[in-house]
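This report concerns only the one structure given below.
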Amino acid sequence: NYKSKIRRKKIFVLTCALCTLAQLLQDETEHIKCFVEGKDLTCFWEERNNLHHQYTFTYSYENKNKMACAVSSLLASNKTIFFCKLPKTPFFTTLDVQVLRDGRMLYTRSLNAENFLFLDPPRNLTVMSSGKEGQLNVSWLPPPLKYMDDSMIYEVRYAVEGSNMGKVEVVKVSTMLVLLGLQSDTRYKVWVRVKPDGVAYKGYWSAWTEPVFGVTPPSDVDPLIVLLVLFIGLILCLLSLTVILSHHKFLLKKLWPDIPTPEHKFPGLFTVYKGDFKEWMSQNNGSMWGRSVHVYTEELPSLLEVLSEVSRTSHDTSQREEEEEKESESSDSGLTDRWRDPPHAHWLMEQLRALQENPESRCQSSLLQSHDTYVTLNQGDNEQQVDDVFEETLPLQTLFTTTGTSSLSTSHSDLGSLQQSSGSGRLSSQSSFEYPNHTWAPKGPGYAYMAVADSGVSMDYRPMSSSRIAELGRHRMYTNDYKNEICPHKWPLSGQYIKSGSESCTGPVW
Amino acid sequence: MSFFHLRLFALLLMVLEWTRPGLSSPLRPICDLRVLDHFIKEAWDAEAAMRACKDACSIATNFTAPLTRVDFDVWEAMNIEEQAQEVQSGLHVLNETISSLQASNQTDVLQSHIDASISNIASIRQVLRSLSIPEYVPPASGGEDKEMQNVSSISELFQVHINFLRGKVRLLLANAPVCHQGVS
């Protein structure tokens, strides 16, 4: 009974080994399949349709005497497994085995036992958490075999519990492994198996160990740190929001500046005429005269082309006569002190008065006479050019003679005071406006060019008063904007134009 | 004067110690079996190469080769000296037999394997020497030599070669007393 128990146990163990090996040996082409468990060699073969044949198993070492081995059998589903076990098989030598069926050679094979090792699975598999996120420490013990401790390789298989997708890691010689890259706070299943490394010994993979479970540690992000980070982030957001809101105008201007467009200066140019300036010009020709005068800063003097020269001798004489009459009349008036005796003063007054009354009629008025050295375009008869004096030259002259004053906002009565206070002499000696007589008519109300030879006259380019500037600011001054208004009472006074809303040409605002 | 002579004498001793001919200083014991595993891997390559050329590599004469069989019970019953003698005599015979192949006309590939095997046997001898394993002692005249076997082909010779290294040589190295000193 004891022996039968031992035998049954051996068969049970052998059966288990055979079951494990059966899958491994599927690709084995040899009929006789052998493996070494411990020190014992077991060879087996499969037969179908067992028809009560007599099988004999013989073996021999190094071509010496053949020995027989007792054959045992196991009944499987549709086949019979015959096997024979050779205890304490010598290694590193050639073993010849034969299977005889009814005395006839059925199968034969030559093999070295040390090449067919089937080891027991590793022992004491343990899986522990290393404390680090996503890591598990796996360790085990090799099967108890002498002389082979350093000739083994291991395979570690791990998978999330309940999942069929596992990963495999191969470990050489060492009996421990650190699994990396695992999910936090997850339960893992781990298996290990072993095989000879193939240098000194060869063999098959052992059976997998029983699975051992291990749980990875949870993510180690401190909640306090998370809260602090969130809090600081919130504060920073609020701060930046406050800064943005308080300077939103400035930032908007910097990030999205207004693109200045001249559209309002050219009504309808971009909307109606689609940018066709010629078309727009032809349509808006008449209204150009009604356009207001613009004022720009004194940094950009306009280029004036001298067109012609006109003498004013006849005007001078008439002025003198008028002045003499006035002087005699107002000898007791305080005005006499204020009045000097500029030859053109009275004539200037008359011209201004006439200009204000009837602006359009003076378009063809004459110019001042030039006395100094500058280019004269028209060398013709000065007499004829009397009528070509432009009224606009008169206030310009007035301005040039005045150094102390700055604004145009002088009353009519103050005109004389303007002239008086300067004492710098007449402009006519230092600058002139020349218009070629013949070129005027064909051009028509096209362009007016005036060349100012500034040879030392103190031209008053003082900026206007702040009140004026404020007023101008509302009307959008453009420094580059030079309006070539044909209207004679365009006053390039200190390079500034006053914009007014009236359609007609207006003189200087007094 | 005497002090000067003493110093000169010490200097001469030092110089002679360095240039002492003959025996070299004892080697450090090589207990790591990976060294032997490297030679075994090369022996595997040689065996595979020889197995492939069966016809071209055959030679008429027989070779003498050591026995490679290991019965663990018998082996464990032997003492270290007996084991050493068996290993050393086997290596000696292998070395002589493989060296005799160098004279024969072989292909370059096979010749390289032959040369590597001879070199590896010499290295294994050095490893055994480092482990204080007794050297090979030829048997006295009239004494029995270790049992040998006859092999008839080069491929069979290199099978013996690889099996001998994997078996007896490795077992001897794995159990060298020098490597297990201090281990209970």
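The values are calculated or read from the model by the stated rules, or taken from the named source; none is laboratory data. Everything numeric in this text was worked out from a predicted model, so none of it was measured. All Cβ positions, even for glycine, are placed from backbone atoms using ideal geometry, and neighbour counts span all protein chains on display.
Brief remarks follow.
- Residue match in segment B:132-140 (condition: of a type in the set (F, W, Y) and over 18 Å from B:W44 (Cα atoms)): yes
- Selection from segment B:98-139 of residues that are surrounded by fewer than 19 Cβ atoms within 10 Å (Cβ to Cβ), in a helix (DSSP H, G or I) and among the β-branched types (V, I, T): B:V109, B:I118
- Any hit, segment A:211-228, residues being buried (at least 16 other Cβ atoms within 10 Å of the Cβ), within 14 Å of chain B (Cβ to nearest Cβ) and β-branched (V, I, T): no
- The set of residues from segment A:212-271 being closer than 30 Å to A:E161 by Cβ, out of contact with any strand residue (DSSP E or B) (no Cβ under 8 Å at 6 or more places or on another chain) and modelled with pLDDT of 85 or more comprises just one member, A:V226.
- For segment A:63-87, a residue qualifies if it is outside any strand (DSSP E or B), touching an Asp or Glu at 6+ places or on another chain (Cβ under 9 Å) and surrounded by 12 or more Cβ atoms within 10 Å (Cβ to Cβ), and the qualifying residues are A:K66, A:A76, A:K79.
- Members of segment B:54-93 that are closer than 16 Å to B:V151 by Cα, in contact with a Pro (Cβ under 8 Å, 6 or more places away or on another chain) and within 14 Å of chain A (Cβ to nearest Cβ): B:R69, B:G90
- Selection of segment B:139-168 for residues being touching a helix residue (DSSP H, G or I) at 6+ places or on another chain (Cβ under 8 Å) and more than 10 Å from chain A (Cβ to nearest Cβ) yields B:D145, B:K146, B:M148, B:V151, B:I154, B:S155, B:L157, B:F158, B:H161.
- Complete set of residues in segment B:64-77 that are over 18 Å from the mean Cα position of the chain (by Cα) and surrounded by 14 or more Cβ atoms within 10 Å (Cβ to Cβ): B:D71, B:F72, B:W75
- Filtering A:K202, A:K195 for residues that are within 14 Å of chain B (Cβ to nearest Cβ) and touching a residue at least 40 places away in the same chain (Cβ under 8 Å) leaves a single hit, A:K202.
- Of all residues in segment A:144-170 being at pLDDT 90 or above and within 14 Å of another protein chain (Cβ to nearest Cβ), the one that is farthest from A:T186 (Cα to Cα): A:M152
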